[in-house]
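The values are calculated or read from the model by the stated rules, or taken from the named source; none is laboratory data. In this text the structure is predicted, and so the values were computed from the model without any measurement. In this analysis, Cβ positions are derived from the backbone assuming ideal geometry, glycine residues included, and neighbour counts consider all displayed protein chains.
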Amino acid sequence: MTALYYLAAAALFRFLYVIYYRLFVSKLAKIPGPAVSKVTRFWLIYQEFTGRRRLYIHDLHKQYGPVVRIAPDEVAFATGEAVKQIYSVGGSGYEKTKFYDLFMNFGARNMFSTLTKGEHSERKRRIADRYAKTYVMQPNIFSGIEERARTLVAKVSQDCAAHGSANVYVPLHCYALDCITHHLFHPLGTHSIEDTEDLKMMRELSYHDSLKARYFQYYNPRLYKLVKKLANPFASAKKLDQASSYVLENCNNKSALAEEHTVVGKLRTRKDSVPALEAASECLDHLIAGIDTTGDGLCFLMWQLSRPESVNIQDKLREEIRDNPGAPIDDLPYMEAVVKEGLRRYSPIPMSLPRCVPDEGRVLEGYFLPGKTIVSCQAWTLHQLDTEVFPRPGEFIPERWLEEGGKEERNRLFFAFASGGRGCIGKNLALMEMKLLLKEVYGSYRTVIAPEMTSSMEISDQIIASRPKDQVCLLRFEELA
């Protein structure tokens, strides 16, 4: 009994010492934040597993300011200087954390899941030219996206004629899938707006809910593998999902059929050989990211434009489109402002993008951060917290992006595509897809929310992306003379 007593006392002493150290001795002790976050990560984990991490961190920023300790070894920032230091200094900022292991495909890394700058740069060099602005504006790419925008408008017009309204969530995600696969694999891209088999792939990619499983995998990778194996002892023989099979087939057996201007065409014709699974991992990552950003971003934006308070905004956009029928898509300043405000207000990737402080430590926003500390910024907070930069942040105001005053600081805090050398490589393609569709829709139609629309458009978080909670957005399309 005496031995047990001493063991229990030692355990209690150690427990109390850890609490004391984290609260008062740790080099992060002076950083503002709730006591529970300084003592344990479990409260943050609870927020993550219940899909509330984004809102929880935002609430902490509103209470404690732009620098908040959200776990014993993790700090969240919400300033332009932090964005620069974490994501841009030296080209790519701090190194990534093991969190990005979740985004490997086929057991192989891709550009997004690489952890070090050197590894990322090597992969980026392979395909960076395929996403350059001048490249995606070439006729063979531009015309393919334009054709898919017209197909979508024809589809929703038919749906409205038959049913009075259209659930645009479905065709918008089909459009996003068809556009990115056109860029990756043409002429082997999908046609999910019209083809029911390809539609199944879109549904497989857009209607899953893997939030809890992904966090469980992150925090318990070995246990996750064991549970997965026990749940399916024949996992090695399991049939691949449709998207994975499609990508593997087009990267391997059919790659010779893809045109040279495509992403897989570039990977195939490089002098240095790209391992087959690395190429497939890269293409699948682009495919999934392309649906998340464009599909959900457009859905939130068209819903916002269709709300009663946005009537004047929609009218201004239509006027600009009609008054400039032959203008290049990037020469429409009000459309640019509408898209940018949509991405500010409803960023498709609103969550934290974690990085690891270098071993020697860093000073950031006046606080010393020891090596290995996890740091991050999230678009949701960067786009709203500073009301001097973004007055009335909860409102949809495209005109803010047309003002010269404060322009530099607004752009400094704009984080919809992340920042620095490891920012979203598909930014130019995504913006072109969004603008071409808006031009096709609002040049000829007025959209309004259907009276029967009762589904929630509340932002629902996944592992880093977000989507409308009920994944239904019923709109009416009224054709204009």
**Report entry** Test result for residue 75, under 15 Å from residue 365 (Cα atoms) and not in a helix (DSSP H, G or I)
**Finding:** yes
Query raised in the report: Out of the stretch 42-68, which residues are of a type in the set (Val, Ile, Thr) and either under 18 Å from the mean Cα position of the chain (by Cα) or assigned to a helix (DSSP H, G or I) (or both)?
Result: 45, 57
Query - Hits in the stretch 460-481 (condition: closer than 17 Å to residue 315 by Cβ and touching a residue at least 24 places away in the same chain (Cβ under 8 Å)) - result: 475, 476, 477, 478, 479, 480
Report task. Tell me which of these residue 316 doesn't satisfy, since it passes every other one: (1) under 15 Å from the mean Cα position of the chain (by Cα); (2) within 14 Å of residue 397 (Cα to Cα). Result -> (1)
Query raised in the report: Would you pick out the residues in the stretch 131-168 that are in contact with a helix residue (DSSP H, G or I) (Cβ under 9 Å, 6 or more places away or on another chain), among the small types (Gly, Ala, Ser), within 21 Å of residue 306 (Cβ to Cβ) and in a helix (DSSP H, G or I)?
Result: 149
Report task. For residue 244, state whether it is touching a strand residue (DSSP E or B) at 6+ places or on another chain (Cβ under 6 Å), surrounded by 13 or more Cβ atoms within 10 Å (Cβ to Cβ), not basic (Lys, Arg) and not in a loop (DSSP other than H, G, I, E, B). Result -> no
Requested in this report: Inspect the stretch 371-392 for any residue being over 25 Å from the mean Cα position of the chain (by Cα) and either over 19 Å from residue 303 (Cβ atoms) or not β-branched (Val, Ile, Thr) (or both) and give the result as yes or no.
Outcome: yes
Query raised in the report: Quick one: in the stretch 111-166, which of the residues that are touching a strand residue (DSSP E or B) at 6+ places or on another chain (Cβ under 9 Å) and hydroxyl-bearing (Ser, Thr, Tyr) is surrounded by the fewest Cβ atoms within 10 Å (Cβ to Cβ)?
Result: 116
Requested in this report: Would you check which residues across the stretch 210-251 are of a type outside the set (Gly, Ala, Ser), farther than 19 Å from residue 101 by Cβ and modelled with pLDDT of 85 or more and list them?
Outcome: 241, 242, 246, 247, 248, 249, 250, 251
Requested in this report: Select, from 117, 96, the only residue that is within 18 Å of the chain's Cα centre (by Cα) and either closer than 23 Å to residue 461 by Cα or not polar (S, T, N, Q) (or both).
Outcome: 96
Requested in this report: At least 2 residues that are of a type in the set (A, V, I, L, M, F, W, C) and touching a helix residue (DSSP H, G or I) at 6+ places or on another chain (Cβ under 7 Å) in each: list the helices (runs of 4 or more DSSP H) lying fully within the stretch 363-481 that qualify.
Outcome: 379-382, 427-442
Requested in this report: Looking for whichever is touching a Ser or Thr at 6+ places or on another chain (Cβ under 7 Å) and at pLDDT 90 or above here; the options are 176, 162, 166. Which one fits?
Outcome: 176
Report summary line: Within the stretch 267-310, restricting to residues that are touching a Lys or Arg at 6+ places or on another chain (Cβ under 9 Å) and of a type in the set (A, V, I, L, M), the one that is modelled with the lowest pLDDT is 274
